[in-house]
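Let me begin by presenting the structure, written as structure tokens, before commenting on it.
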Amino acid sequence: MLFYFSATGNCLYAAKTLSSSLNEPIVNIAEAIKKNDFHYTIQSGEKVGFLFPIYAWGLPKPVVTFLKKMELCCDTSLYTFAVATCGDNIGLAMNQFEKLLKKKKIQLNSGFSLPMPDNYVVLFDVAPQEKQKDMLQKADKLLQKISKMVLLEKNRFFRVQKGRFPFFKSTVIHFLFFKFYTNTKRFYATGDCIGCGKCEAICPCSMIHIQSERPHWKKGNCYMCLACLNRCPKKAIQYTKQTEKHGRYQNPNVSGL
């Protein structure tokens, strides 16, 4: 069983790819949280995988929420692995994930970082198309290797790129990110908005509501997944004036986003 959180398709694509090669079903973490669905029965021989993006060298809030409430029922020992998608490196995020699993008395057998095109257009523009294509091709090859390692049930097998100053990135920068960059008051819709309601439908934390054919954000902190911003069909949703200058990203290999 593969649990994934995905806003713009990278982790969904990775989950579908591994689901096909490992013959494992996939579970959407965001939907599970909305449905209050945290109890799962794992069959003998079934692998348990977690796929999630890296947010400022740390874990996304819904992944942390899900892990704290998750209950896995299994008659035999579990083989677990994690895949963290990232623009470049993941700091100590995999260590943080492993600690959360240990609190549930579950051992993380293997972990991998998977570089893919970044969607964080709040601070920088999306990568050129050629670079995106190259990253996705390399990701496919790495997913094949990950599948082989999981099928072999490699234990204590970690292939992650932590990058420079991982402790500082995963503590100080990650803390500052969630303190200053997750407030919904900076979101707005331009005159290009057609009131289609897609942003409301795809928001994983239900922070968006359509009123008078315009999106309105509830006060508070969101996941900052940027699904609404990147997947708006008219590129109408912005997060400060800076994003008006930047492109948008969705994984081109995932349909229906």
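Surrounded by 20 or more Cβ atoms within 10 Å (Cβ to Cβ) and either under 27 Å from Lys35 (Cα atoms) or at pLDDT 95 or above (or both): which single residue out of Phe158, Phe167, Phe187 fits that description?
Phe187
Among the β-branched types (Val, Ile, Thr), under 30 Å from Asn230 (Cα atoms) and either buried (at least 20 other Cβ atoms within 10 Å of the Cβ) or touching a Gly at 6+ places or on another chain (Cβ under 9 Å) (or both) - does that describe any residue in the range 73-81?
The answer is no; no qualifying residue exists.
β-branched (Val, Ile, Thr), modelled with pLDDT under 95 and within 18 Å of Leu108 (Cβ to Cβ): does that describe Thr76?
Taking the combined requirement at face value, the residue satisfies it.
Got a sec? Which of Gly49, Gly45 is in a loop (DSSP other than H, G, I, E, B) and within 16 Å of Asn155 (Cα to Cα)?
Sole residue among the options that is in a loop (DSSP other than H, G, I, E, B) and within 16 Å of Asn155 (Cα to Cα): Gly45.
Looking at Gln129, Gln137, which is the one that is surrounded by fewer than 18 Cβ atoms within 10 Å (Cβ to Cβ), more than 18 Å from the chain's Cα centre (by Cα), over 27 Å from Phe187 (Cβ atoms) and not basic (Lys, Arg)?
Gln137
Filter the range 192-211 for residues that are in contact (Cβ under 8 Å) with a residue 12 or more places away in the chain and out of contact with any strand residue (DSSP E or B) (no Cβ under 8 Å at 6 or more places or on another chain) and give the result.
If the condition is that a residue be in contact (Cβ under 8 Å) with a residue 12 or more places away in the chain and out of contact with any strand residue (DSSP E or B) (no Cβ under 8 Å at 6 or more places or on another chain), then Asp192, Ile194, Cys196, Lys198, Ile202, Cys203, Pro204, Cys205, Ser206 are the ones that fit.
The values are calculated or read from the model by the stated rules, or taken from the named source; none is laboratory data. Values in this document were obtained by computation on a predicted structure and should not be read as measured data. Quick reminder, even Gly has a Cβ in these numbers, built from the backbone with ideal geometry, and neighbours come from all protein chains shown.
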